[in-house]
Amino acid sequence: MTNREQQFKELFLSEYNRMFKAAYILLNDEEEAKDVVQDVFAKLWAGTIPLREESQKAFLLTCVRNRCLNIIARNRQVELNLESNHPLSTSDSQREDEELIAVIEDYIDHKLTSQTSRIIRMHFDDDQSYKEISSELGISQSAVNKHIVQGLRKLRSTFKNREV
């Protein structure tokens, strides 16, 4: 493991819970909070977020807060759009949700690599932690994180503009 990977791992392990709690308080949604923290760490890993060591804790929480505020604003806009349009009946809405879930599951199974697909399913369907997945598959937690981040990024970009 390189020095950069080790530093990233230590930062991830030391700050994840604090960042997750902050995101959860703002969003009141566990999965969305996890996604926010993963997005921040993915941008940090990719180098799109510069990080100074002396202010890293405050900066990471600021990134989480800003990402959460963007999500809250987007969700409000979606609610306003839905209110201005005639809402679908519950059964139509449920059917569309089920169709979307089926399309997403098909994408996970057939468009992502088999390893990424397996890891995403283990984490989200089986509710396994990164540590449990890494132990079971014999890979590092960093590799598990990389697969989940890449898989979620591909899902988001593919389904970003899809109407629900």
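The values are calculated or read from the model by the stated rules, or taken from the named source; none is laboratory data. The model shown is predicted, which means the values in this text are computed figures rather than measured ones. Note that each Cβ is placed from the backbone with ideal geometry, even for glycine, and that neighbours are counted across all protein chains shown. Each accessible area value is taken on the protein alone, full model and side chains, heavy atoms only, with ligands, DNA and RNA left out. Shrake-Rupley method; radii C 1.70, N 1.55, O 1.52, S 1.80 Å.
Surface composition of the stretch 1-65: carbon and sulfur atoms hold 51% of the protein heavy-atom accessible area at a 1.4 Å probe. Return the label of the correct value of Cα extents along the principal axes in Å, as calculated from the structure shown, out of (i) 54, 35, 23; (ii) 50, 31, 28; (iii) 55, 41, 29. Label (i) holds the value from this structure.
If I take R0 = 30 Å and measure r between the Cβ atoms of GLU10 and ASP109 in this structure, what FRET efficiency does the formula 1/(1 + (r/R0)^6) give, to the nearest 0.05? Calculated transfer efficiency: 0.30.
Each Lys and Arg contributes +1 and each Asp and Glu -1, all at the Cβ; summed about the Cα centre of the chain, the dipole is approximately 940 debye.
Just add up the charged neighbours of LYS146: K/R +1, D/E -1, any other residue whose Cβ is under 14 Å from the Cβ of LYS146. Local charge sum for LYS146: +4.
Residue ranking by accessible heavy-atom surface, 1.4 Å probe, largest first, among ILE72, ILE120 comes out as ILE72, ILE120. With all protein chains kept in place, the per residue accessible area of the stretch 10-69 amounts to 58 square angstrom at a probe of 1.4 angstrom.
Rolling a 1.4 Å probe over the protein heavy atoms leaves LEU112 with an accessible area of roughly 10 Å².
The alpha-carbon of LYS21 sits under 14 angstrom from the alpha-carbons of these aspartates and glutamates, leaving out residues fewer than 8 places away in its chain: ASP29, GLU30, GLU31, GLU32, ASP35. Each of CYS63, CYS68 has its accessible area taken with a 1.4 Å probe; listed largest first, they run CYS63, CYS68.
Relative contact order of the chain: 19 percent, from C-alpha pairs under 8 Å at least 6 residues apart in sequence.
Excluding PHE8 itself, calculate the net charge of residues whose Cβ lies under 14 Å from the Cβ of PHE8, where each Lys or Arg counts +1 and each Asp or Glu counts -1. Neighbour charge sum, excluding PHE8 itself: 0. Between GLN150 and ASN81, the simple spin-label model (points 7 angstrom out along Cα→Cβ) gives 3.0 nm.
The stretch between SER135 and MET1, if pulled fully straight at 0.36 nm per residue, gains 46.6 nm over its current Cα-Cα span. The figure for GLU105 is an accessible area of roughly 80 square angstrom, using a 1.4 Å probe on the protein chains alone.
In this structure TYR107 has an accessible area near 40 Å², from a 1.4 Å probe over the protein heavy atoms. Of the residues SER117, SER142, SER14, the one that moves most in a GNM of the chain with alpha-carbon contacts below 10 Å is SER14. Estimated purely from DSSP H runs of n ≥ 4, each contributing -39500 (n - 2.57), the mean residue ellipticity at 222 nm for the chain is -26000 deg cm²/dmol once divided by its residues. Put a dot 7 Å past the Cα of ASP126, heading toward its Cβ, do the same for ARG65, and the two dots end up 3.9 nm apart.
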